[in-house]
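Enquirer: I'd like to ask you about the structure that follows.
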Amino acid sequence: MIARVSLEIALRREFDYLIPEELVGQIEVGSRVQVPFGARKIPGCVTALAEESAHTHLKAILKVIGTQSLVTPKVLQLARWIGEYYCCAPETALKAVLPEAVRQEESGFRERLFVRVLNVPAEPPKLPRRQQDVWNILVERRELAMTELLTLAQTTAATVRKLEDRGLVEIAPQISERDPYSREQILPSTPITLNPSQVGALQKIVAAMDARRSAPADGKPTAATFLLHGVTGSGKTEIYLQAIAHALEQGRGAIVLVPEIALTPQTVERFKARFSSGKWQTLVAVLHSHLSAGERHDEWHKIRQGRARIVIGARSAIFAPVDPLGLVIVDEEHEQTYKQEEAPRYHARDVAIVRAQMENAVVVLGSATPSLESYHNCKSGKYTLLELPERVDDQKMPHVRVVDMRQAAHQEKGIPIFSPQLKEAITQRLERQEQTILFLNRRGYSTALQCPKCGYVAECPNCSVSLTYHRLEQKLCCHICAHVAPVPKVCPAENCGNPAIRFSGTGTQKVEEAIRKLFPQARCHRMDADTMKRKDDYRRILGDFRAGKIDILVGTQMIAKGLHFPNVTLVGIIYADSALHQPDFRAGERTFQLLTQVAGRAGRGDVEGEVFVQAFTPFHPAIQYARRHDFQGFYDQELEFREQLKYPPAGRVALLTLKGRSEDKVKFSAEHVRRELDKLVAPPAAPGGEAAAAIKDLIIAGPAPAPLLKAETYYRYQLMLRTRSMSKLSHALAKMVAGLTLPDEVTMAVDIDPVNLF
Ligand code: ADP
Ligand code: ZN
């Protein structure tokens, strides 16, 4: 017997090995094995079994790693598709489908020493510095593996033993699974009686699941994908829960994808609560990036062993080994974070659809503001649109007022942070003891440090962006590469030295400060990446807000997503244009989505909500359609623009980015790539042979400097490709890349269906 093996080193091909007598029967597709390669021993994954090989003198597999094949043949097939479609090496695709923690031979289930906090004294204990470092980590994590603790604290076991001697911690071996949610008490929940539009949607999903189940394996592409379009609070999650129950009833499992940021304990609890007892009882596994390697390993194996039939997780959970798979849910399907920004650059929503097709499962995409791509697929009949037009609690949509900041700036002789209208509205809320959310998509204090005399702007030495001033920390920071610089007292430009150097632009710190000045009695809190340093911060602040201990919450994106706060009756969007003026064809779509999402935070209780949108371009369609809660209107006009320029969904895009430290070399290489690409449109005839098939509708733009020309010391040039049929193009690109020679210091990234154009 022969096994075809993909090695975990970048070689872009597979190799044949003999299966030795003693290993026959232990090796199947998906097994991890160790094989000889040159003088080395290398781990790999068996991707196929064969009776014979085209090669002679085959070497034999040395051993099997682990007891169970890790990748199911179905997920393996998916990895193959990813490699081909997203133009990446098969081993890169394979790595993506199997978490590092599972691949690591040593992170198996076995007894390990765990350190657990026994009690946290009311008075912080007085400890020597090394012990204090260890203690700080433990207080935050409560329990973790000794090995992990030692790495984190950079110390030895002796220090930890001293804490044990003080009676603060317990050190004990454990085989038990590392369940990140083990300490939580979850009350069981039962299905809610659905309203008529929910019933209609669920019936269609269930019918499709039944039809798919009896369809022949590897069925033809059918309209099995659903798009569930409904505002927050329209009862989408309840539909998901009942559809999952149906999958379990069919003897199949489900994967629920949610954006990392929305994967809060409350979200997870809702799923656990429904399936922790009763007829369809099963474990619910959770996969996200904050799990420790051990936790991830154990969650993964719970799924592989079939004990957890439901998986809820961020992007990479789409590869969870649920088998058989009946249902995939992609909540907030329009979210950019479903796209992975490093190779393999896959889009989890699109992978979900392909995987479901391969496994006869049904996909439900959910969103209040669907992506243009998905909505377009409904219009063209590829997906089925399900609409939930109303909130379950009959709440009205909030009243949205657009404030023209040009007028406010004129009246106040300068650009104010708050328009008089918004100020007035905040005052009212404080009087009525209702809560306010203020949203601004920029952290820090000011967005730029500028000299009014000579025009000097403090820029990052590594990136082509200005540095943001962080006032509390008294430093200038780059939000791309995290470079930190001191704040100059005078203008540092040569021959200038102006002491009146100024900060311009507004960040969340400045908004918070302005609120404290204007409303000293208000309890104000800020929530952004700078204040959310610890694991528990997010939860704590939201808890305080829910409990009414905070009057005004200032924040970035973090507060824009699916949070439920009945007492919030006012939302202020400080600067709605910020996302509009970016050189990205999705700028309008993102602004529309963001405004709709943020506005959705207002008025969830008995009182109607009010939203103030402050904008310098108040008549922009993205702002006006969001004001009227008119998705259809926005979609129609936006599609027209996309069609003119053949942007998605009217066409497909591939983005090639060349990167290097020498701008000249990058530019020169990009020009070379352009000449190669031109051959795809008009292929030269091979001597004596026929020309390769041309991609006639290919539009090539560039090379041009990337919008962010320099990032983390690398110069970047881009080429953008547009075509109707992506699979043809990615096939041609893979071939071109394989034959391409670039200077050593220049690399090229191929991004199929990019969402980030910077
Ligand atoms: P979405 O996911 O669209 O934001 P949810 O499913 O979370 O909506 O529903 C919002 C709230 O309404 C939840 O508390 C949910 O339990 C409740 N709910 C959902 N469907 C119904 C229903 N048919 N009748 C009453 N309450 C419902
Ligand atoms: Zn930088």
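The values are calculated or read from the model by the stated rules, or taken from the named source; none is laboratory data. Predicted model, so just to flag it, every value in this text is computed and none were measured. No Cβ is skipped: glycine too gets one built from the backbone with ideal geometry, and neighbour counts run over all protein chains shown. When the accessible area is computed, the model is the full protein with side chains, heavy atoms only, and any ligands, DNA or RNA have been set aside. Shrake-Rupley method; radii C 1.70, N 1.55, O 1.52, S 1.80 Å.
Enquirer: Can you work out the FRET efficiency for the pair THR151 and HIS290, with r the C-beta to C-beta distance and R0 = 22 Å, to the nearest 0.05?
Expert: 0.85
Enquirer: Taking the dipole about the Cα centre of the chain, with the C-beta of Lys and Arg at +1 and of Asp and Glu at -1, give me whichever of PRO259, VAL568, ALA48 is farthest to the positive side.
Expert: Positive-most Cα among the choices belongs to VAL568.
Enquirer: At a threshold of 8 angstrom on Cα-Cα distance, excluding pairs fewer than six apart, so keeping six or more, what relative contact order does the chain reach in percent? Can you show the working numbers first?
Expert: Numbers: 1436 pairs, mean separation 80.2, N = 758.
Rounded, it is 11 percent for the chain.
Enquirer: Turning to a different aspect of this structure: Would you mind calculating the gained length between GLU28 and GLN521 on full extension (0.36 nm times residue separation, minus the Cα-Cα distance), in nm to one decimal?
Expert: Working it through step by step, the gained length comes to 170.7 nm.
Enquirer: Would you check the accessible area of ASP551, probe 1.4 Å, heavy atoms only, in square angstrom rounded to 10?
Expert: Surface open to solvent at ASP551 totals about 30 Å².
Enquirer: Next question. At a 1.4 Å probe radius, which order do VAL484, VAL46 fall into by accessible area, largest first?
Expert: VAL484, VAL46
Enquirer: Moving on to the next point. Once you put a point 7 Å from the Cα of LYS728 and another 7 Å from the Cα of ASN498, both along the Cβ direction, what distance in nm separates them?
Expert: Calculated label separation equals 5.7 nm.
Enquirer: Follow-up question, since we're still on this one. Tell me, what is the percent relative contact order of the range 111-175, built from C-alpha pairs under 8 Å that lie six or more residues apart?
Expert: After rounding, I find 56 percent.
Enquirer: How would MET405, MET1 rank on accessible area, largest to smallest, probe 1.4 Å? Please report the intermediate quantities before stating the final value.
Expert: Details: MET405 5, MET1 100 Å².
From most exposed to least exposed: MET1, MET405.
Enquirer: Still on this model: Ranked by accessible surface with a 1.4 Å probe, highest first, in what order do CYS454, CYS378 come?
Expert: CYS454, CYS378
Enquirer: Further question: For the chain, give me the percentage of DSSP beta bridges that are antiparallel, rounded to the nearest 5 percent.
Expert: Working: 63 of 116 bridges.
Taking every DSSP beta bridge with both residues in the chain, the antiparallel ones total about 55 percent.
Enquirer: Which entries in LYS236/LYS339; LYS475/LYS517; LYS339/LYS665; LYS413/LYS510; LYS413/LYS710 show an alpha-carbon gap greater than 25 Å? Provide the component values of the computation, followed by the final result.
Expert: Details: LYS236/LYS339 23 Å; LYS475/LYS517 22 Å; LYS339/LYS665 29 Å; LYS413/LYS510 19 Å; LYS413/LYS710 36 Å.
In this structure, LYS339/LYS665; LYS413/LYS710 exceed 25 Å between Cα atoms.
Enquirer: Now, a different point. Along the charge dipole of the range 2-103, Cβ charges K/R +1 and D/E -1, which of ILE61, ILE27, PRO99 sits furthest on the positive end?
Expert: Towards the positive end, the residue furthest out is PRO99.
Enquirer: Quick one: longest stretch of the chain between exposed loop GluC sites (Glu not before Pro), exposed meaning at most 12 other C-beta atoms within 10 Å and loop per DSSP?
Expert: The longest such stretch corresponds to 495-689.
Enquirer: Counting each DSSP H run of 4 or more residues in the chain as -39500 (n - 2.57), what helix-only mean residue ellipticity at 222 nm follows after dividing by all residues, to the nearest 500 deg cm²/dmol?
Expert: -9500 deg cm²/dmol
Enquirer: May I pose another question? Quick one: with all protein chains in place, what share of the accessible area of the range 2-103 is carbon or sulfur, to the nearest percent (1.4 Å probe)?
Expert: On the way: 2600 of 4950 Å².
Looking at the range 2-103 in its full context, I get 53 percent from C and S.
Enquirer: Next up: Mind putting a number on the dipole of the chain about its Cα centre? Charges go on the C-beta only, +1 for Lys and Arg and -1 for Asp and Glu, and I need it in Debye to the nearest 20.
Expert: Values: 98 positive and 87 negative charges, 190 e Å.
In total the dipole reaches around 920 debye.
Enquirer: Continuing with this model, one more query. Under a straight-distance cross-link criterion of Cα-Cα below 21 Å, which lysines are reachable from LYS63, leaving out those fewer than 8 residues away in the same chain?
Expert: Excluding near neighbours in sequence, the set is LYS41, LYS95.
Enquirer: Using only the Cα atoms of the chain, build the gyration tensor, take square roots of its eigenvalues as a ≥ b ≥ c, and label the shape rounded, prolate or oblate: rounded if a/c is under 1.5, else prolate if a/b is larger than b/c, else oblate.
Expert: rounded
Enquirer: Let me ask something additional. Can you pull the percent of the range 111-175's accessible area that's carbon plus sulfur, 1.4 Å probe, other chains left in place? Provide the component values of the computation, followed by the final result.
Expert: Values: 2000 of 3900 Å².
Carbon plus sulfur share of accessible area: 51 percent.
Enquirer: Could I ask something else about it? Given R₀ = 41 Å, what would the calculated FRET efficiency be for VAL490 paired with SER276, taking r from the Cβ atoms and rounding to 0.05?
Expert: Efficiency computed from Cβ-Cβ geometry: 0.05.
Enquirer: Going through the range 607-655, which chymotrypsin sites (Phe, Trp or Tyr not before Pro) have at most 10 other Cβ atoms within 10 Å and a DSSP loop state?
Expert: Of the chymotrypsin sites (Phe, Trp or Tyr not before Pro), the ones in loops of the range 607-655 whose Cβ has at most 10 other Cβ atoms within 10 Å are PHE619.
Enquirer: Using +1 at the C-beta of Lys and Arg and -1 at the C-beta of Asp and Glu, which of THR436, PHE319, CYS460 has the Cα lying farthest in the positive direction of the dipole of the chain?
Expert: The residue sitting most towards the positive pole is CYS460.
Enquirer: Per 0.36 nm of contour for each residue apart, how much would the distance between LYS379 and ASN136 grow if the chain were fully extended, relative to their Cα-Cα spacing?
Expert: Stretched out fully, the LYS379 to ASN136 stretch lengthens by 82.0 nm.
Enquirer: What number, in percent, do you get for the relative contact order of the range 196-393 if the mean sequence gap of Cα pairs under 8 Å and at least 6 apart is divided by its residue count?
Expert: So the answer I get is 36 percent.
Enquirer: Leaving out ligands and nucleic acids, and using a 1.4 Å probe, what accessible area per residue does the chain come to in Å²?
Expert: About 46 Å² of surface per residue is accessible.
Enquirer: Compute the Cα gyration tensor for the range 334-413, then decide on rounded, prolate or oblate, letting a ≥ b ≥ c be the square roots of its eigenvalues: rounded whenever a/c is under 1.5, prolate when a/b is larger than b/c in the other cases, and oblate in all that remain.
Expert: Since a/c reaches 1.5 but b/c is at least a/b, the shape of the range 334-413 is classed as oblate.
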